[in-house]
1. In the range A:6-36, what residues are surrounded by 17 or more Cβ atoms within 10 Å (Cβ to Cβ) and of a type in the set (A, V, I, L, M)?
2. Among the residues of the range B:181-197, are any at pLDDT 90 or above, within 14 Å of chain A (Cβ to nearest Cβ) and touching a His at 6+ places or on another chain (Cβ under 7 Å)?
3. Return the residues of the range A:204-240 that are in contact (Cβ under 8 Å) with a residue 60 or more places away in the chain and surrounded by fewer than 20 Cβ atoms within 10 Å (Cβ to Cβ); say none if nothing qualifies.
4. Considering each of B:A116, B:A99 in turn, give the residue that is assigned by TED's automatic domain parsing to the domain that holds B:D180 and surrounded by fewer than 21 Cβ atoms within 10 Å (Cβ to Cβ).
5. Can we say B:K159 is buried (at least 19 other Cβ atoms within 10 Å of the Cβ) and among the basic types (K, R)?
6. Given the structure, is B:I122 farther than 22 Å from B:S97 by Cβ, in the same structural domain as B:L202 (by TED's automatic domain parsing) and modelled with pLDDT under 95?
7. Identify, please: which residue in the range A:54-78 is within 14 Å of chain B (Cβ to nearest Cβ) and among the small types (G, A, S) and is, among those, nearest to the chain's Cα centre (by Cα)?
8. Is the range A:137-156 home to any residue that is in contact with a strand residue (DSSP E or B) (Cβ under 7 Å, 6 or more places away or on another chain), part of a loop (DSSP other than H, G, I, E, B) and not acidic (D, E)?
Amino acid sequence: MKNSKLPKIIVRNLGKSFLTPRGERVEVIKEISFEVQEGEFLVILGPSGCGKTTLLNLLVGFEKPDRGEVLIDGERAKEVSPERILLWQFFGLFPWRTIWENIEFGLELKRVPQAEREKIISELVRITGLRGFENRYPGEISGGMQQRVSLARALAVDPEVLFMDEPFGSLDASMRKVLEDELLRILSRKKKTVVFVTHNVEEALYLADRIIILSSRPTRIVKEIVPSFSKPRDEISDEFLKLKNEIVKILRTETQFLYTVGL
Amino acid sequence: MKSERVRFSGRFLPLWGFIIFLILWELATLMVKNPLLSNLRVEKVFPELWRLMVTGGLWKQVLPSLKRVGVALLVASLGGIPMGILIGYYRVLEQLSLATFQFLRMISPLAWMPLAIMFLGIGDKPIYFLVFMGAIWPIIINTSHGVGRVEKDWIKIAKNFGAMDWDILKKIIIPAILPDMLTGLRVAVGISWIILVPAEMLGVTSGLGYQILDARDRFAYSEMVAWILIIGAIGYLLDVSLRKLRGRVLGYEKFEIT
């Protein structure tokens, strides 16, 4: 262990299978163990359909594992909690609420006084670049904007951990780039533990303190990679490209089966 | 230039449509040779309409009618909305009840009239009941349909932020189903207004339905048609205002993410 402190999240021998509608049991996660340090940006990288979303659902607490356990601060997490917010690929904003009201959602539930709410929201609106859009509805703004709102809504309740499920996966490449930079900038101000799931190798390398590479189903950890060079990273630097090639090679072997059957 | 003129006239097209309707009506009463029909001519009916408005006789009948529809709709909403939410939420309840509701819905509320009078007596009560029986089904069915469209993700997200069951109902389910609820209400208002007139032809001495029979008994046929016009006009206004209300409450809807 690099850190003498207790890891923020400990995942131990986690396993999960599902029953299909036909009654067959499908093993999604074989056996996974890893740790996440406080303040760390961990990226979970894996091919499509490898059970990344299931893994996140187990970590957040939406689902219970068949085997193994998830420990938060050394204790088994019983329920979902505003301390651990999941950001969804398709943003999950409430269409009947304005941008401001969407960000306010968690603060209402926490019964934060009005004056304090306004302070928190206006700061988040500023740092996420949403100023001027407060009274718009989610359907009026672009996907990139919507994901900023989703991030602001999560940060409003000041969670300890942010889980992100391919949050920029539905955005075009240039918008994704912008939001990746903004995410890093925002996190440099508001230090959070982040578990970020993606199938995009460049994105993983650009953001991560550490990368865990998953196999296709049933999922297990194939390799752990710690990029040694510091952020912000240059995507056309030699070290970046070298590591990228290495990861792509690993993914190729791990997903060969998927390629051959044409999935 | 041309498109501007089309747009200008477009705004008044409904009015022109109504004028054409009046002309056809007048022609019909002129063409058919029947002494009774001469009472129904536009130039006889509209002065009656004017008289009812200026003497205040109109409001004395409109208010009891509106009250009956209002009470029945209120009760139907208070019963139908929670019912619709429960049915929409629990699949078992839906499967248990929906076929029966669809069956009951197809029975004209007026079919209950003898029973209503037998058990509720004469007066406003059987009217409340008959209108209620017309209004409740669209409210239940539309509300439950709305609940079916609440995305499971929204509920998961709310729970993630610490929402309890009550918060989920108040902050997710009710706002999410509001469009369908208001659609149900609008359909219910239309049905109520239609049921009201025949229901008021029984055992009450006020209201728009009663006035039609009363005018007939007084051989005041021009006045009778004036009452018919009033019924149509108020029904139309009710529908328009509900549509407006829906548009105001659901300003976000035109931006809905699809």
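1. A:I9, A:I10, A:V11, A:L14, A:V28, A:I29, A:I32, A:V36 - these are the residues of the range A:6-36 that are surrounded by 17 or more Cβ atoms within 10 Å (Cβ to Cβ) and of a type in the set (A, V, I, L, M).
2. Taking the range B:181-197 as the starting set, the residues that turn out to be at pLDDT 90 or above are B:181-197.
From the residues that got through so far, the ones that are within 14 Å of chain A (Cβ to nearest Cβ) too are B:181-182.
Applying the additional criterion that residues be touching a His at 6+ places or on another chain (Cβ under 7 Å) yields none.
No: the range B:181-197 contains no residue that is at pLDDT 90 or above, within 14 Å of chain A (Cβ to nearest Cβ) and touching a His at 6+ places or on another chain (Cβ under 7 Å).
3. In the first step, residues of the range A:204-240 are kept if they are in contact (Cβ under 8 Å) with a residue 60 or more places away in the chain; the result is A:204, A:207-221, A:224.
Answer for the range A:204-240, where residues must be in contact (Cβ under 8 Å) with a residue 60 or more places away in the chain and surrounded by fewer than 20 Cβ atoms within 10 Å (Cβ to Cβ): A:D209, A:R210, A:R217, A:P218, A:R220, A:I221, A:E224.
4. B:A99
5. Values: buried (at least 19 other Cβ atoms within 10 Å of the Cβ): yes; among the basic types (K, R): yes.
Against the criterion (buried (at least 19 other Cβ atoms within 10 Å of the Cβ) and among the basic types (K, R)), B:K159 qualifies.
6. On the way: farther than 22 Å from B:S97 by Cβ: yes; in the same structural domain as B:L202 (by TED's automatic domain parsing): yes; modelled with pLDDT under 95: yes.
Considered against the rule, which asks whether it is farther than 22 Å from B:S97 by Cβ, in the same structural domain as B:L202 (by TED's automatic domain parsing) and modelled with pLDDT under 95, B:I122 comes out as yes.
7. The selected residue is A:G61.
8. Taking the range A:137-156 and keeping what is in contact with a strand residue (DSSP E or B) (Cβ under 7 Å, 6 or more places away or on another chain), we get A:150-151, A:154.
From what is left, the residues that are part of a loop (DSSP other than H, G, I, E, B) are none.
The answer is no; no qualifying residue exists.
The values are calculated or read from the model by the stated rules, or taken from the named source; none is laboratory data. Predicted model, so just to flag it, every value in this text is computed and none were measured. Note that each Cβ is placed from the backbone with ideal geometry, even for glycine, and that neighbours are counted across all protein chains shown.
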